[in-house]
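What follows is one structure encoded as structure tokens, with my remarks underneath.
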Amino acid sequence: MLRDRRETKSNFLSLFLKEPLLLGKMHTVFENSLNIQFPIGLVHIGKVGMALSSFGCLIEPEDFQKIHDQSQVGDIVRFKNGEMFLYTQKEVIKIAFDQFVTKDLTIPKLKLSAQELKGNLLYQLLEENFASLSLEIGLPVNDAISKGLCSLSEPYLQEKDSIDKKIIRLLIGRGIGLTPSGDDILIGYTFARMLFQKADGWQQKVADALQEVKTTAISEAYFNALLHEIINENFLHLVQLFDEKDRNKINNELQVLKRFGHTSGTDTLYGFTIGLQYVQKEMERL
């Protein structure tokens with residue numbers, strides 16, 4: 001049995017794991033993380049010291065290693081009354097979720113004018129790095145995608161609604177990996193618009209597209225949390241950088257985010273920058 005400790009969990013799990021009894025199975029086993037599949041979606045398990053996933057929890061490294069070493073994909077997992085029981089190859093291991101500290105990963109609401117956003121140092125540095133970001137993303141770009149990505153920053157195009165729906169469907173699931181680059185770009189873009197309360201209609205378009213276009217289970221879990229206004233801890237740190245005045249500190253933080261995943265961090269920052277461009281242009285005309 002694992003020791004009951006004050007480990008952390010995303011507030012999304014409080015919404016997600018409501019039923020008194022859920023049956024699931026081990027979905028993926030990686031060196032530093034695990035994912036458990038329940039009928040309602042994935043739960044991510046990482047190690048204390050990592051960034052907290054929007055749909056996950058962090059447990060002590062020695063406890064994680066014990067689960068990791070004994071688990072195989074397909075192992076049965078049972079969630080009952082705030083506790084998770086993992087039926088590993090050697091023993092039943094308990095994770096006492098009800099003992100964890102809940103961390104609020106809810107996307108806050110920022111209030112900046114168009115001029116304040118344009119003059120913000122984080123915004124300026126993202127703009128300065130935008131060309132290089134566009135070369136580093138993991139998404140193969142053709143003419144249709146290139147045109148669609150450009151349209152995302154433009155709030156006042158003719159037939160904007162149909163253009164949005166088209167590019168969303170082009171991006172979902174596009175690219176390789178556990179979270180395809182197209183998904184990461186959409187998540188970063190949506191996050192930026194949600195920060196400035198410019199995403200109501202957009203969120204519904206994304207939700208509708210996800211009913212029609214398939215992507216990976218891990219991406220679906222990120223989208224599910226995002227559409228409930230919850231995002232990964234490391235990208236939530238971007239919000240604090242809007243108040244930062246030290247250019248080097250911002251650049252260092254951006255470099256850390258870029259190293260997240262294979263290209264996931266870069267893809268998400270690229271989408272986030274396009275989202276900020278959209279917000280700035282929309283507010284400028286108000």
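When the residues of the stretch 46-64 are narrowed to those that are free of Cβ contacts under 8 Å to residues at least 40 places away in the same chain and open to solvent by 10 Å² or more (accessible area, probe 1.4 Å), which ends up nearest to the chain's Cα centre (by Cα)?
In the first step, residues of the stretch 46-64 are kept if they are free of Cβ contacts under 8 Å to residues at least 40 places away in the same chain; the result is 46-47, 49-50, 61-62, 64.
After this cut, where a residue has to be open to solvent by 10 Å² or more (accessible area, probe 1.4 Å) as well, the list is 47, 49-50, 61-62.
Details: LYS47: 17, GLY49: 18, MET50: 14, PRO61: 23, GLU62: 26 Å.
Residue satisfying both the conditions and the ranking: MET50.
Which of the residues that make up the stretch 27-45 are free of Cβ contacts under 8 Å to residues at least 60 places away in the same chain, part of a strand (DSSP E or B) and over 15 Å from the mean Cα position of the chain (by Cα)?
Narrowing the stretch 27-45 to residues free of Cβ contacts under 8 Å to residues at least 60 places away in the same chain: 29-34, 36, 38-40, 43, 45.
Of the ones still in play, those that are also part of a strand (DSSP E or B) are 29, 34, 36, 38, 43, 45.
Once the filter is applied, which keeps residues that are free of Cβ contacts under 8 Å to residues at least 60 places away in the same chain, part of a strand (DSSP E or B) and over 15 Å from the mean Cα position of the chain (by Cα), the stretch 27-45 yields VAL29, LEU34, ILE36, PHE38.
Give the stretch 225-256 a look and list any residue that's closer than 20 Å to GLN203 by Cα and among the charged types (D, E, K, R), or say none.
Result: GLU229, single match.
Quick check on my filter: what residues within the stretch 109-150 are within 20 Å of the chain's Cα centre (by Cα) and part of a loop (DSSP other than H, G, I, E, B)?
LYS109, LEU110, ILE137, GLY138, LEU139
Touching a residue at least 40 places away in the same chain (Cβ under 8 Å), under 18 Å from the mean Cα position of the chain (by Cα), part of a helix (DSSP H, G or I) and buried (at least 19 other Cβ atoms within 10 Å of the Cβ), is that true of TYR270?
So TYR270 fits the description; yes.
I'd like to verify a number: residues in the stretch 1-15 that are open to solvent by 10 Å² or more (accessible area, probe 1.4 Å) and either of a type in the set (Gly, Ala, Ser) or without any contact (Cβ under 8 Å) to a residue 40 or more places away in the chain (or both), how many?
1
Scan the stretch 65-102 for residues that are among the small types (Gly, Ala, Ser), surrounded by 16 or more Cβ atoms within 10 Å (Cβ to Cβ) and closer than 16 Å to GLY24 by Cα and jot them down. Before the answer, list the steps.
Narrowing the stretch 65-102 to residues among the small types (Gly, Ala, Ser): 71, 74, 82, 96.
Now drop any that are not surrounded by 16 or more Cβ atoms within 10 Å (Cβ to Cβ), which leaves 71, 96.
Residue satisfying the conditions is SER71 alone.
Among the listed residues GLY74, GLY46, GLY56, which satisfies the condition of being modelled with pLDDT of 95 or more and in contact with a Lys or Arg (Cβ under 6 Å, 6 or more places away or on another chain)?
On the way: GLY46 fails: in contact with a Lys or Arg (Cβ under 6 Å, 6 or more places away or on another chain); GLY56 fails: in contact with a Lys or Arg (Cβ under 6 Å, 6 or more places away or on another chain).
Within the list GLY74, GLY46, GLY56, the selection yields GLY74.
What is the one condition in (1) surrounded by fewer than 17 Cβ atoms within 10 Å (Cβ to Cβ); (2) closer than 27 Å to LYS258 by Cβ that LEU133 does not satisfy?
Going through (1) surrounded by fewer than 17 Cβ atoms within 10 Å (Cβ to Cβ); (2) closer than 27 Å to LYS258 by Cβ one by one, LEU133 breaks only (1).
Condition first: within 21 Å of PRO39 (Cα to Cα), open to solvent by 10 Å² or more (accessible area, probe 1.4 Å) and part of a helix (DSSP H, G or I). Now tell me which residues in the stretch 164-218 satisfy that.
ALA207, ASP208, LEU210, GLN211, GLU212, ALA217, ILE218 - these are the residues of the stretch 164-218 that are within 21 Å of PRO39 (Cα to Cα), open to solvent by 10 Å² or more (accessible area, probe 1.4 Å) and part of a helix (DSSP H, G or I).
Give me the residue from the stretch 233-248 that is assigned to a helix (DSSP H, G or I) and free of Cβ contacts under 8 Å to residues at least 40 places away in the same chain and, out of that set, surrounded by the fewest Cβ atoms within 10 Å (Cβ to Cβ).
Of the stretch 233-248, the ones assigned to a helix (DSSP H, G or I) are 233-241, 247-248.
Restricting the remaining residues to those that are free of Cβ contacts under 8 Å to residues at least 40 places away in the same chain gives 237, 240, 248.
Values: HIS237: 13, GLN240: 10, ASN248: 8.
Only one residue fits best here, namely ASN248.
Take ASP161 and decide whether it is open to solvent by 30 Å² or more (accessible area, probe 1.4 Å), out of contact with any Lys or Arg (no Cβ under 9 Å at 6 or more places or on another chain) and of a type outside the set (Lys, Arg).
Numbers: open to solvent by 30 Å² or more (accessible area, probe 1.4 Å): yes; out of contact with any Lys or Arg (no Cβ under 9 Å at 6 or more places or on another chain): no; of a type outside the set (Lys, Arg): yes.
So ASP161 fails the test.
Checking ALA225 against (1) open to solvent by 10 Å² or more (accessible area, probe 1.4 Å); (2) among the aliphatic types (A, V, I, L, M); (3) assigned to a helix (DSSP H, G or I), only one condition comes out false. Which one?
(1)
The values are calculated or read from the model by the stated rules, or taken from the named source; none is laboratory data. Computed from a predicted structure; not experimentally measured. Backbone-built Cβ (ideal geometry, glycine too); neighbour counts: all protein chains shown. Quick note on the areas: whole protein, heavy atoms, side chains included, nothing else; ligands and nucleic acids left out. Shrake-Rupley method; radii C 1.70, N 1.55, O 1.52, S 1.80 Å.
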